[in-house]
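Reviewing the structure listed below.
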Amino acid sequence: MLDTTTFVGLDVHARSIKAVSLDVMTGEVRAATFGYDAGAVAEWVRSVDPGARCVYESGVTGFDLQKRLSGLGVDCVVGAVSKMIKPSADRRRKNDRNDAEFLARMLSVGNVVEVWVPDDECEAARDLTRALEDARDDLSRSKQRLSKFLLRHGLVFDERTPTGRRKGNWTRAHWSWIESIRFAEGADNDALAYYVDAVRRAAEEKARLEGLVEAEARKPRWRKRVDSLRCLKGVDTASAADLVFEAGEFSRFRNARSFAAWVGLTPSEHSSGESDRRGAITKAGNKHLRKTLVEAAWHYLTCSGC
């Protein structure tokens, strides 16, 4: 039996919120528009029905509104947008009011897959590891720009060891070679200095964030699980922290299969009748964590001395 007969759909944007309430007993529908103000939304919901249940779709607005409404005593959940089954006829009738009413109706019939909402500490830890991933991407892009700038000028690092093996890029020898480069045009030298400085600053930021992630992973809440995952070959502290911070609580997954589905590592399938076809992984899940696991798998294959 339902605890309430009133359901509220919220179409949330950066600066506005459209709310639509549905009373399943009377069929009455009410609508209201707010700025991004949890207090105003909570007051309106209580005026409609103090026991109303609210929902909005997961997306770029994150969990902030859910946490604020919950703090104000309003029952609010976040629905997985990837699990919303929307009628094809509604594609030509999209507006904020229709979207909010659709959410209210889906919640009323129990057709909303709720997203697990992390607490503030867990979300902050997630943000830190994602910032580290951004720093890694920035460093990779900076190195790419520098190497391609030099390539456009016909400069390629090709020093070799006494045994004939080519020395790697971004080693001490490689940096010494870059620092020895001088162009005839001053503008080229200025551009080179910029690219070199960008790589070094990105490397410093990456190292700083790695230290912050390791410090976070040593906190009592995370340390035991991080240390346990580090026992796996190919998983370092940063990767283990990624797994722990993103999952939050592994106990919320029924089994390994459900965890793999959440990450998007399960095979895709297009089977019907006697036809049984499976393909590549779905990639329908946590992109950040999926990348971490794939990289750990490659480290497992190549890390012979680990």
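Remark: pairs (first residue in the stretch 167-183, aromatic (Phe, Trp, Tyr); second residue assigned to a helix (DSSP H, G or I); Cβ separation under 6 Å; 6+ apart in sequence or on different chains) = Phe183/Asn189. Residue selection: Val41 fails the criterion of being crowded, with 17+ Cβ neighbours inside 10 Å and not in a helix (DSSP H, G or I).
Among residues of the stretch 241-252 that are over 14 Å from Lys224 (Cα atoms), those with a beta-carbon under 8 Å from a residue that is among the basic types (Lys, Arg) at least six positions away or on a different chain give the pairs Glu246/Arg126. If you filter the stretch 96-118 down to residues that are part of a loop (DSSP other than H, G, I, E, B) and free of Cβ contacts under 8 Å to residues at least 40 places away in the same chain, you find that the one that is surrounded by the most Cβ atoms within 10 Å (Cβ to Cβ) is Val113. Listed conditions (1) surrounded by fewer than 17 Cβ atoms within 10 Å (Cβ to Cβ); (2) out of contact with any His (no Cβ under 9 Å at 6 or more places or on another chain) are all met by Gly168, apart from (2).
The residues of the stretch 5-32 that are hydroxyl-bearing (Ser, Thr, Tyr) and surrounded by 15 or more Cβ atoms within 10 Å (Cβ to Cβ), listed by number, are Thr5, Thr6, Ser21.
Only the coordinates and a few stated rules stand behind these numbers; no lab work does. Note that the coordinates shown come from a computational prediction; the quantities given were computed from them, not determined experimentally. Quick reminder, even Gly has a Cβ in these numbers, built from the backbone with ideal geometry, and neighbours come from all protein chains shown.
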